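Peer 1: I'd like to ask you about the structure that follows.
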Amino acid sequence: MSACPRKFILTIAVIAIFSGVARSQETPLKSISYRLAMSRPTSHLFEVSIAVELSDQLKDKPLQLQMPKWSPGRYAVFDFAKNVQELRANGRVTRVDDQTWSVDPAGANVVEVSYKVFANDLSGTFSQLDERHANYNGASIFMYVVGHKADPVKLTIQPPQGWRIVNGRMDHPGQTAWAFPNWDVMVDTPTEIAPDWTQETFEVDGKKYHVVVHSFGAEGGKRPALVKDIERVVRAEVAMWGPPEFSEYTFLIHYAADDRSGDGMEHLTSTQIIEPGALGEPGVYEGTLGTVSHEFFHVWNVKRLRPEELGPWDFTRPLHTRGLWVAEGFTNYYGHLMLRRAGIWPDKKFLDTEAQTISRIEGAPGSRLMSAEESSMSAPFLDDAAHAQLTNLHNTAISYYPKGELIGMVMDLLVRGRTKGRASLDEVMRRMYEDFYLKSSNSSYYLRGRGYQTEDLERMVSQVSGTDFSDFFKRYVRNVEVLPYDEAFSYVGLRLVKTEAKEPYDAGLSIEFEDRVAVIENVRNGSPAEEAGLQAGDEIVLLAGREVAKAWLKTLARYKSGDSIPITVKRDRRTIKTNLVLKEPERFEYRIEEDTRATSEQKSLRNAWLKGTRS
Ligand SMILES: [Zn+2]
Ligand SMILES: [Zn+2]
């Protein structure tokens with residue numbers, strides 16, 4: 001997924017956790033060196049060694065090493081420690097808790113720790129070692145020294161014979177050793193090691209961009225065109241933000257060809273993009289560009305301009321921030337808009353995409369229960385989290401990605417409309433980037449500038465637009481009111497049209513097909529399906545006396561409000577017969593249409609919006 005964020009609130013609890021290590025922080029270690037080997041790729045076991053050179057004051061104190069519970073950019077807790085095995089050290093080892101090991105140096109000058117990590121997921125969040133390659137996200141394999149996450153670290157990688165290393169911090173080809181200012185930057189540098197990846201390079205405004213591709217399926221000759229289109233996306237986004245602060249940036253792209261692996265993860269000078277298909281297959285090229293557009297936008301929004309809690313992080317507890325609807329949602333919005341501005345999408349494709357997002361959000365029951373800020377705070381439950389326990393999240397939750405996307409679009413149009421095109425959300429974001437990143441003093445060891453709170457954005461958008469946005473934030477960001485789409489679209493001569501779907505009933509069911517068997521995936525609260533006693537996991541045997549197969553919506557469309565439709569389901573060893581009694585139509589579609597009465601002023605505002613012309 002284009003997925004990614006990170007952060008936490010520096011609560012009293014966090015301060016308490018760190019206060020215990022504050023003393024050792026005052027006494028720096030002489031050096032921290034990591035070595036990564038992969039001598040048996042088919043075992044999926046990375047071999048990590050860490051050598052910590054102690055200062056004299058620390059020789060008699062136990063040293064703690066910790067595996068992060070999660071990783072920046074993905075907010076669910078994964079407990080990477082579960083894949084650590086065979087930890088050894090040159091001193092006595094004590095397991096302190098689920099993520100922490102303590103080593104007693106007993107007077108030695110250097111503490112040496114080694115362990116193996118099992119890794120067989122091709123993902124921007126996890127890591128993979130197999131006979132084809134090694135691809136890692138550092139947070140899933142490297143422990144940090146507790147209290148010394150801010151210290152400089154060195155890394156040496158020993159690749160198998162004939163495998164080449166590449167990442168977003170290469171000084172020269174063939175490089176096998178790196179020095180990083182701290183652990184956070186080391187794990188912000190995802191790395192690919194394989195015999196057969198390709199690399200192409202282009203330049204935009206004096207900055208170098210590398211496109212590294214590792215394909216596990218046929219590319220169909222599409223790679224050269226892909227690199228050209230990536231360059232168009234880069235140009236469109238740089239045109240909005242101004243020059244990025246790096247000199248080189250690397251797109252690490254995998255074509256997994258497994259119909260399963262898919263991810264996108266932003267980093268300071270690179271991104272990891274994993275597409276589940278092969279580049280030569282239909283739709284995969286377009287999917288890649290969508291992820292590229294989203295992840296590259298994160299160069300500014302999230303990686304540098306970030307909510308306060310997004311770095312440095314506390315990896316002992318889940319992240320809590322109210323800002324993911326900006327960090328991810330605005331990135332989703334601009335990720336789509338930039339495909340239009342880059343000339344890759346026509347106007348219609350962009351507007352249809354936004355209309356689909358509106359249909360999705362307005363059709364979701366969680367939209368009326370969970371605000372954008374609450375969604376952000378719930379990220380540890382929502383961001384690809386695994387649930388052993390059954391939940392009601394499909395009824396109660398909303399994703400900050402599409403919700404934030406729509407808030408961003410509506411806010412952009414309101415600013416453009418209310419200022420008659422003199423300002424835009426582009427300008428709000430540039431000003432935020434200047435104030436909080438470029439011009440602010442550093443708030444931590446980790447990164448330039450300081451983070452923002454959503455109130456800072458509220459002030460900035462009010463200031464830039466010259467109108468008070470506090471009511472907007474209250475109603476649409478911190479509460480669950482329907483966004484003012486009509487006002488927003490009217491400024492650019494468009495209108496939102498809502499129509500009943502051709503198949504207007506779903507009875508509150510969502511269904512998945514397992515080997516052509518229709519299984520109820522979710523039941524909407526308050527729906528005919530809930531009143532009929534149906535529940536998730538039920539297998540639908542008969543609907544209106546027939547096998548439903550994929551035609552269940554068509555079957556329901558033959559009925560009207562008030563009709564009763566017999567349904568038979570299998571639940572465990574029971575067969576249950578009941579009736580769905582239809583209520584009001586439930587399925588609607590939204591379109592964004594040209595307003596035939598649009599004035600030339602409205603059209604020119606629309607043009608500036610879609611093309612990104614600066615006013
Ligand atoms: Zn993202
Ligand atoms: Zn690879």
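The values are calculated or read from the model by the stated rules, or taken from the named source; none is laboratory data. Here the structure is a predicted model, which is why all the values come from computation and not from measurement. Positions of Cβ are backbone-derived with ideal geometry, glycine not excepted, and every protein chain shown enters the neighbour counts. SASA here: full protein model, heavy atoms, side chains in, ligands and nucleic acids out. Shrake-Rupley method; radii C 1.70, N 1.55, O 1.52, S 1.80 Å.
Peer 1: Quick one: would you say K222 is out of contact with any Leu (no Cβ under 9 Å at 6 or more places or on another chain), more than 16 Å from ligand 1 (Cβ to nearest atom) and of a type outside the set (D, E)? Don't jump to the end; show me each part of the working.
Peer 2: Working: out of contact with any Leu (no Cβ under 9 Å at 6 or more places or on another chain): no; more than 16 Å from ligand 1 (Cβ to nearest atom): yes; of a type outside the set (D, E): yes.
Considered against the rule, which asks whether it is out of contact with any Leu (no Cβ under 9 Å at 6 or more places or on another chain), more than 16 Å from ligand 1 (Cβ to nearest atom) and of a type outside the set (D, E), K222 comes out as no.
Peer 1: Which count do you get for residues in the range 59-68 that are part of a loop (DSSP other than H, G, I, E, B) and open to solvent by 30 Å² or more (accessible area, probe 1.4 Å)? Explain how you work it out, then say what you get.
Peer 2: At the first step, the residues of the range 59-68 found to be part of a loop (DSSP other than H, G, I, E, B) are 59-62, 67-68.
Pick out the ones that are also open to solvent by 30 Å² or more (accessible area, probe 1.4 Å) and you get 59-62.
Selection size over the range 59-68: 4.
Peer 1: Among W178, W163, which is within 15 Å of ligand 2 (Cβ to nearest atom) and more than 24 Å from V96 (Cα to Cα)? Step through it out loud before you land on a result.
Peer 2: Values: W178 fails: within 15 Å of ligand 2 (Cβ to nearest atom).
Sole residue among the options that is within 15 Å of ligand 2 (Cβ to nearest atom) and more than 24 Å from V96 (Cα to Cα): W163.
Peer 1: Scanning for something at pLDDT 95 or above and charged (D, E, K, R), does the range 112-119 turn up at least one residue?
Peer 2: Restricting attention to the range 112-119, the residues satisfying the condition of being at pLDDT 95 or above are 112-119.
Keeping just the survivors that are charged (D, E, K, R) gives 112, 116.
Checked against the condition, which is being at pLDDT 95 or above and charged (D, E, K, R), the range 112-119 yields at least one hit.
Peer 1: In the range 586-595, how many residues are open to solvent by less than 30 Å² (accessible area, probe 1.4 Å) and part of a loop (DSSP other than H, G, I, E, B)?
Peer 2: Within the range 586-595, the subset open to solvent by less than 30 Å² (accessible area, probe 1.4 Å) is 592, 595.
Applying the additional criterion that residues be part of a loop (DSSP other than H, G, I, E, B) yields 595.
Adding up the residues that qualify gives 1.
Peer 1: To continue, here is another question. Pairs, please: C-beta under 9 Å, at least 6 apart or cross-chain, first residue within 14 Å of V48 (Cα to Cα) and in the range 119-141, second assigned to a helix (DSSP H, G or I) and of a type in the set (G, A, S)?
Peer 2: Final answer for the pair search is A119/S140; S127/G138; S127/S140; L129/S43.
Peer 1: Restricting attention to the range 351-367, which residues are open to solvent by 30 Å² or more (accessible area, probe 1.4 Å) and among the charged types (D, E, K, R)?
Peer 2: D352, R360, E362
Peer 1: Let me ask something else about it. Could you say whether any residue in the range 383-390 is touching a residue at least 24 places away in the same chain (Cβ under 8 Å), open to solvent by 50 Å² or more (accessible area, probe 1.4 Å) and within 14 Å of ligand 1 (Cβ to nearest atom)?
Peer 2: Of the residues in the range 383-390, the ones touching a residue at least 24 places away in the same chain (Cβ under 8 Å) are 383-386, 390.
Cutting the leftovers down to open to solvent by 50 Å² or more (accessible area, probe 1.4 Å) gives us 384, 386, 390.
Okay, now just the ones that are also within 14 Å of ligand 1 (Cβ to nearest atom), so 384.
The answer is yes; a qualifying residue exists.
Peer 1: Give all pairs with beta carbons closer than 8 Å in which a residue from the range 192-214 that is free of Cβ contacts under 8 Å to residues at least 24 places away in the same chain meets a residue that is within 11 Å of ligand 2 (Cβ to nearest atom) and not basic (K, R); count only pairs at least 6 apart in sequence or on separate chains.
Peer 2: Within 8 Å, the pairs are D196/H214.
Peer 1: Answer yes or no: is there a residue in the range 324-333 that is more than 16 Å from ligand 1 (Cβ to nearest atom) and not in a strand (DSSP E or B). Talk me through it step by step, then tell me what you get.
Peer 2: Of the range 324-333, the ones more than 16 Å from ligand 1 (Cβ to nearest atom) are none.
So far as the range 324-333 goes, no, none of its residues is more than 16 Å from ligand 1 (Cβ to nearest atom) and not in a strand (DSSP E or B).
Peer 1: Taking A106 as meeting all but one of (1) outside any strand (DSSP E or B); (2) modelled with pLDDT of 95 or more, write down the number of the exception.
Peer 2: Result: A106 fails condition (2) only.
Peer 1: Does N182 fit the bill of being in contact with a Gly (Cβ under 8 Å, 6 or more places away or on another chain) and under 17 Å from T269 (Cα atoms)? Step through it out loud before you land on a result.
Peer 2: On the way: in contact with a Gly (Cβ under 8 Å, 6 or more places away or on another chain): no; under 17 Å from T269 (Cα atoms): yes.
So N182 does not fit the description; no.
Peer 1: What pairs come out if I take residues in the range 71-84 that are touching a residue at least 60 places away in the same chain (Cβ under 8 Å) and pair them with residues that are away from ligand 2 (no atom under 16 Å from the Cβ) and assigned to a strand (DSSP E or B) whose C-beta lies under 8 Å away, six or more apart or interchain?
Peer 2: Taking only residues 6 or more apart or on different chains, the pairs are G73/E266; F78/S71; F80/S71; F80/V117.
Per-residue answers, yes or no, for (1) buried (at least 22 other Cβ atoms within 10 Å of the Cβ); (2) modelled with pLDDT of 95 or more; (3) over 16 Å from G138 (Cα atoms); (4) in contact with an Asp or Glu (Cβ under 8 Å, 6 or more places away or on another chain):
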position	(1), (2), (3), (4)
F46	yes, yes, no, no
A51	no, yes, yes, yes
Q57	no, no, yes, no
A81	no, yes, no, yes
Q85	no, yes, yes, no
R95	no, yes, yes, no
Q99	no, yes, no, yes
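Peer 1: In addition: Any idea which residue in the range 602-614 is modelled with the lowest pLDDT, counting only those that are part of a loop (DSSP other than H, G, I, E, B) and open to solvent by 70 Å² or more (accessible area, probe 1.4 Å)?
Peer 2: The first filter runs over the range 602-614 and keeps only residues part of a loop (DSSP other than H, G, I, E, B), leaving 612-614.
Among the residues that remain, those that are also open to solvent by 70 Å² or more (accessible area, probe 1.4 Å) are: 613-614.
On the way: T613: 91, R614: 73.
So the residue we want is R614.
Peer 1: Would you pick out the residues in the range 202-217 that are within 16 Å of ligand 2 (Cβ to nearest atom) and either over 23 Å from the mean Cα position of the chain (by Cα) or open to solvent by 50 Å² or more (accessible area, probe 1.4 Å) (or both)?
Peer 2: Just the residues of the range 202-217 that are within 16 Å of ligand 2 (Cβ to nearest atom), to begin with: 210-217.
Scanning the range 202-217 gives F216, G217.
Peer 1: With a cut-off of at least 3 residues that are surrounded by fewer than 17 Cβ atoms within 10 Å (Cβ to Cβ) and of a type outside the set (V, I, T), name the strands (runs of 3 or more DSSP E) lying wholly within the range 522-582. Lay out the reasoning, then the answer.
Peer 2: Numbers: elements: 539-543, 564-571, 574-581.
Those strands (runs of 3 or more DSSP E) span 564-571, 574-581.
Peer 1: On to the next question. State whether one or more residues within the range 233-245 are of a type in the set (D, E, K, R), in contact with a helix residue (DSSP H, G or I) (Cβ under 7 Å, 6 or more places away or on another chain) and away from ligand 1 (no atom under 16 Å from the Cβ).
Peer 2: To start, the set of residues in the range 233-245 that are of a type in the set (D, E, K, R) comprises 235, 237, 245.
Imposing the further condition that a residue be in contact with a helix residue (DSSP H, G or I) (Cβ under 7 Å, 6 or more places away or on another chain) reduces the set to 237.
Add one more test, that the residue is away from ligand 1 (no atom under 16 Å from the Cβ), and what stays is none.
No.
Peer 1: A further question on this structure: Exactly one of (1) within 30 Å of V415 (Cα to Cα); (2) in contact with a Pro (Cβ under 9 Å, 6 or more places away or on another chain); (3) exposed (fewer than 13 other Cβ atoms within 10 Å of the Cβ) is unmet by T599. Its number?
Peer 2: Of (1) within 30 Å of V415 (Cα to Cα); (2) in contact with a Pro (Cβ under 9 Å, 6 or more places away or on another chain); (3) exposed (fewer than 13 other Cβ atoms within 10 Å of the Cβ), only one is false for T599: (2).
Peer 1: Of everything in the range 253-274 that's among the charged types (D, E, K, R) and under 11 Å from the mean Cα position of the chain (by Cα), which residue is farthest from ligand 2 (Cβ to nearest atom)?
Peer 2: E266
Peer 1: Looking at T357, is it closer than 30 Å to T467 by Cβ and either within 17 Å of the chain's Cα centre (by Cα) or of a type in the set (S, T, Y) (or both)?
Peer 2: Details: closer than 30 Å to T467 by Cβ: yes; either within 17 Å of the chain's Cα centre (by Cα) or of a type in the set (S, T, Y) (or both): yes.
Answer is yes for this residue.
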